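Each remark here refers to the structure printed beneath this line.
Read the figures in this text as sums done on the coordinates, not as results from a lab. Being a predicted model, the structure only gives us computed values, none of them experimental. Every residue, glycine as well, gets a Cβ built from its backbone with ideal geometry; the counts of neighbours run over all protein chains shown.
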Amino acid sequence: MPFRIFALLVIVPALAVGLPHRLRSRTDEKLDRMQEGIPILVSLRLMGVSAWAAVLAWLISPQSMAWSRLSLPDSVRLIGLPLGWFSVAWIWWVFHSLGSNLTDTVVTRRDHTLVQRGPYRWIRHPLYTIIMPFGLAFALLAANWYVAAASLVVFLLLAIRSRKEEENLVARFGDAYRHYRATTGRFLPKL
């Protein structure tokens, strides 16, 4: 029971951070989600829902996820709580830096700007980067390998999708984005 409470202590702040930013960034502008390609469009969303469904199933009934349970000491599982809080803080920083540029696809908006502040100073896709620590936090708290595996698949799909996103950003911002791309890492800072 305590680990389910710890998971809620990550989920509630994550929702408190994510939902207002998502709602504020909404517009009536129609975005062409098909640009990311049907295989990525479908599989990314299915894997994301699958990861969250696994966490939700574990929260409601841990026995329902017993098939993917890991035998972890409580001291290791407990690492998930600060890792989750770190992830939520990182997500807030990303959303705060993005402002109204936040979208759920590879398409830029009409009023899109090239963001180079916050974590974007060093990393071009910091929201994608945080998927692994965030997923690992829940995998540790739930002691569940499926949550970790689903998070890894989501990250890999986002990594594939990021190529198309970067093509769109080059088309939109030209040399400014090429220079930005040359000086920052895609998922981790350049050394």
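Summary table below
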quantity	calculated
Tilt relative to the chain, helix 38-60 - C-alpha long axis, 0 to 90 degrees, to 10	30 degrees
Helix-only CD estimate at 222 nm, as mean residue ellipticity for the chain, using -39500 (n - 2.57) per DSSP H run (n ≥ 4)	-21000 deg cm²/dmol
Centroid-to-centroid separation of the stretch 91-169 and the stretch 176-191 [C-alpha atoms, Å]	15 Å
Mean separation of Cα contacts under 8 Å, 6 or more apart, over the residue count of the stretch 91-184: relative contact order %	31 percent
Cα gyration tensor of the chain - equivalent ellipsoid semi-axes, whole Å, descending	31, 17, 16
Helix 80-98 vs. the chain, principal-axis angle (Cα, 0 to 90°, nearest 10)	20 degrees
Approximate shape of the stretch 137-178 as ellipsoid semi-axes (Cα gyration tensor, √5λ), whole Å, largest first	34, 9, 5
Net charge contributed by nearby residues that have their C-beta within less than 14 Å of residue 148 (K/R +1, D/E -1)	+2
Farthest toward positive dipole pole in the stretch 51-191 [+1 Lys/Arg, -1 Asp/Glu at C-beta], among 157, 134, 177	177
Rel. contact order, % - alpha carbon contacts under 8 angstrom, at least six apart, the chain	31 percent
